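The structure appears right after this line, and notes come after that.
A short reminder: the numbers here are calculations on the coordinates, not readings from a lab. Keep in mind that this is a model prediction, so the values were computed, not measured. Here the Cβ positions follow ideal geometry from the backbone for every residue, glycine too, while neighbour counts run over all protein chains shown.
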Amino acid sequence: MPEEDVAVFRVFPFTVGQKITIEDGPRRGDWEVAAVGERKVTLRCPISGREFEWIRFCYFVENRRTVWPHVD
């Protein structure tokens, strides 16, 4: 069979205390990982301190050095 270009995705292995930035979608913004379960992740807003629990949804794109949290 011929080879094809294929996009491969993996669930991101979050760690508690990790600082992340989601660039797209309804959850975009800066977050800190507050808790990690087998199926869910809890993210904390670094500005308001509010926490939200979601089914694990993120996929790794890149690591980069940047100012965090972003203040517009």
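Couple of notes before you dig in:
- For D5 and C45, the difference between the fully extended length at 0.36 nm per residue and the C-alpha to C-alpha distance is 10.7 nm.
- Among [x] 12.8, 43; [y] 14.3, 53; [z] 14.1, 42, the entry that matches Rg and Dmax of the Cα atoms in Å as calculated here: [y]
- When peptides 2-13, 36-47 are ranked by their average number of other Cβ atoms within 10 Å per residue, the highest-first order is 36-47, 2-13.
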